[in-house]
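Chemist: A single structure is presented below for examination.
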Amino acid sequence: MDFVTHTGPIAVIIFMVNITFFYLWYKKIFVHHDIDMEKMYQEHEDLEPHHAVEDWRLLWISLAVFAFTVTLLVLHHSLGLIVAFVGITGATLVLLFGGPKMPELVEKIDWHTILFLGGLFVMVGGLEHAGVLDSIATAIIDIGGGNLLTTLTIILWVSAISSAFLDNVPFAAAMVPVIRGVAESTSASMLNPMAYTLALGADIGGNATPIGASANVVGLAVAEKHDIKVTWKDYCKVAFPAMIISMIVINVLVLLFLA
């Protein structure tokens with residue numbers, strides 16, 4: 001609830017900012033589209049969402065396991081569980097109770113994407129052990145000069161730009177000791193504001209490129225399987241400006257609510 005209280009209101013505001021941005025960006029398409037919506041509805045009026053479900057038993061099993069997994073993710077700190085254990089537990093339960101179709105479904109898993117994300121985690125771990133992240137912490141301390149507003153702004157933008165090119169999950173995890181080191185060198189009371197600022201910067205920054213967030217990688221991989229190809233140029237042309245605008249708004253909100 002601490003996380004929801006501090007970042008939730010900002011997330012809602014940024015959601016509205018993004019909605020406005022994308023509406024204005026694609027306004028011409030919305031107003032002057034070449035799709036006959038009424039004709040399309042008439043041609044597909046016989047289609048119902050539940051027709052897409054091929055195995056209702058597996059659906060209910062997956063939904064039950066998903067709800068159980070999300071519950072564990074929310075309570076993992078209180079239960080003393082690590083996040084990786086929760087994820088593996090959910091996957092194992094689906095495999096155990098999924099039935100005879102499981103081997104076929106395992107073959108359909110996008111292993112290329114999983115290996116790609118795993119490689120990013122390894123790369124970020126290498127940067128941490130090489131001392132790169134310690135250098136970042138030292139630079140933040142030097143530039144911030146002990147000033148909370150300046151330090152939060154630096155953390156916000158460093159995490160955003162870095163997360164655009166390194167998956168934001170391993171980057172945020174690797175930055176935890178960095179902000180802890182900054183707090184120890186300045187003021188312990190700065191740790192919580194810096195932690196929430198890091199989370200916001202890494203999250204929004206990850207939207208900027210196709211590899212910035214796991215969701216981007218998975219979503220584009222699924223789209224490509226259905227012959228929908230999105231190039232880096234096409235993606236960044238829209239996503240990067242959206243990220244910059246969101247970050248400017250977040251910067252103001254962070255200084256108002258977290259500093």
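The values are calculated or read from the model by the stated rules, or taken from the named source; none is laboratory data. Keep in mind that what you see is a predicted model, and the values were worked out from it rather than measured. Here Cβ is always computed from backbone atoms with ideal geometry, including for glycine, and neighbour counts include all displayed protein chains. For the accessible areas, the whole protein counts, side chains as well, though only heavy atoms, and no ligand, DNA or RNA atoms are used. Shrake-Rupley method; radii C 1.70, N 1.55, O 1.52, S 1.80 Å.
Chemist: Between helix 232-257 and the chain, what is the angle of the helix's C-alpha long axis to the longest principal axis, kept within 0 to 90° and rounded to the nearest 10?
Modeler: It works out to around 50 degrees.
Chemist: Enter the angle in degrees (range 0 to 90, nearest 10) between the Cα long axis of helix 111-129 and the first principal axis of the Cα atoms of the chain, meaning the one along which they spread out most.
Modeler: The angle comes out at about 0 degrees.
Chemist: If you don't mind, there's one more thing I want to ask. Could you work out the Rg to Rh ratio of region 179-259, with Rh taken as the Kirkwood radius (inverse of the mean 1/r over all Cα pairs)?
Modeler: Across region 179-259, the Cα-based Rg/Rh ratio is 1.14.
Chemist: Taking 1 over the mean of 1/r across every pair of different Cα atoms in region 1-145, what Kirkwood radius in Å do you get?
Modeler: Values: mean 1/r = 0.0471 Å⁻¹.
For region 1-145, the Kirkwood estimate is 21.2 Å.
Chemist: Tell me the label-point distance for the pair ILE19, SER185, using the 7 Å Cα-to-Cβ offset, in nm and rounded to one decimal.
Modeler: Result for the modelled spin labels: 4.2 nm.
Chemist: Taking the Cα atoms only, what angle lies between the long axis of helix 56-79 and the longest principal axis of the chain, rounded to 10 degrees?
Modeler: 10 degrees
Chemist: Averaged per residue, what accessible surface does region 1-159 expose to a 1.4 Å probe, in Å²?
Modeler: That works out to 74 Å² per residue.
Chemist: Using only the Cα atoms, work out Rg/Rh for the chain, with Rh taken as the Kirkwood radius, to two decimals.
Modeler: So for the chain, dividing Rg by the Kirkwood Rh gives 1.01.
Chemist: Now for a separate question. Can you tell me which of VAL86, VAL218, VAL132 moves the most in a GNM of the chain? Springs connect C-alpha atoms under 10 Å apart.
Modeler: It is VAL86.
Chemist: The chain: longest stretch without exposed GluC sites (Glu not before Pro) (DSSP loop, at most 13 other Cβ within 10 Å), sites themselves excluded?
Modeler: Longest site-free region, per DSSP loop and neighbour criteria: 55-259.
Chemist: Report, in deg cm²/dmol and to the nearest 500, the calculated mean residue ellipticity at 222 nm for the chain, where each DSSP H run with n ≥ 4 adds -39500 (n - 2.57) and the sum is divided by the residue count.
Modeler: -26000 deg cm²/dmol
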